[in-house]
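One structure is given below, represented as structure tokens, and several questions about it will come after.
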Amino acid sequence: MRKTNISVEIELDENHVPEKMTWNAQDGGINNEATKAMLLSVWDDNAKEALRIDLWTKDMTQDDMKRFFHQILISMASSYQRATDEEDVAQKITEFAEEFAYASKIKG
């Protein structure tokens with residue numbers, strides 16, 4: 001059995017607010033890559049619920065956060081389709097992502 005590791009390092013200010021974040025994924029060739037936001041979700045099989053960590057640095061702009069969420073919604077549609085083979089539901093997620101883009105004014 002082979003193991004690998006994905007890690008995130010977070011520098012906090014005196015109020016425990018993220019100032020800098022870097023991540024590593026050795027199999028993907030990522031080494032101390034800077035990032036300004038991350039959303040991590042894991043499945044708790046015992047409780048049958050998603051657990052999550054949402055972090056962003058204080059210099060992440062609102063416009064970039066809106067784009068980040070839009071791209072996550074698009075990628076969720078793709079992942080959902082691959083995981084369930086339910087193209088019609090994946091399409092609804094994609095449609096919502098586009099509505100979100102217009103409502104958040106990242107598309108006009």
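The values are calculated or read from the model by the stated rules, or taken from the named source; none is laboratory data. Quick caveat: nothing in here was measured; it's all calculated off a predicted structure. A quick note on method: Cβ atoms are made from the backbone with ideal geometry, for glycine too, and the neighbour counts reach across all protein chains shown. For accessibility, only protein heavy atoms count, side chains too; no ligands or nucleic acids. Shrake-Rupley method; radii C 1.70, N 1.55, O 1.52, S 1.80 Å.
Filter the stretch 34-72 down to residues that are of a type in the set (Val, Ile, Thr) and either part of a strand (DSSP E or B) or at pLDDT below 95 (or both), then give me how many there are.
Residues flagged as of a type in the set (Val, Ile, Thr) and either part of a strand (DSSP E or B) or at pLDDT below 95 (or both) within the stretch 34-72 amount to 3.
Only one of Lys48, Lys92, Lys20, Lys58 is at positive phi and open to solvent by 90 Å² or more (accessible area, probe 1.4 Å); which?
Lys48
Just give me the residues in the stretch 73-89 being open to solvent by 80 Å² or more (accessible area, probe 1.4 Å) and either part of a loop (DSSP other than H, G, I, E, B) or touching a helix residue (DSSP H, G or I) at 6+ places or on another chain (Cβ under 7 Å) (or both), in sequence order.
Met76, Asp85, Glu87 - these are the residues of the stretch 73-89 that are open to solvent by 80 Å² or more (accessible area, probe 1.4 Å) and either part of a loop (DSSP other than H, G, I, E, B) or touching a helix residue (DSSP H, G or I) at 6+ places or on another chain (Cβ under 7 Å) (or both).
What are the pairs with Cβ atoms under 8 angstrom where one residue, in the stretch 67-96, is without any contact (Cβ under 8 Å) to a residue 24 or more places away in the chain and the other, located anywhere, is of a type in the set (Phe, Trp, Tyr) and open to solvent by less than 90 Å² (accessible area, probe 1.4 Å)? Sequence gap at least six, or different chains.
Glu86/Tyr80; Val89/Tyr80; Ala90/Tyr80; Ile93/Tyr80
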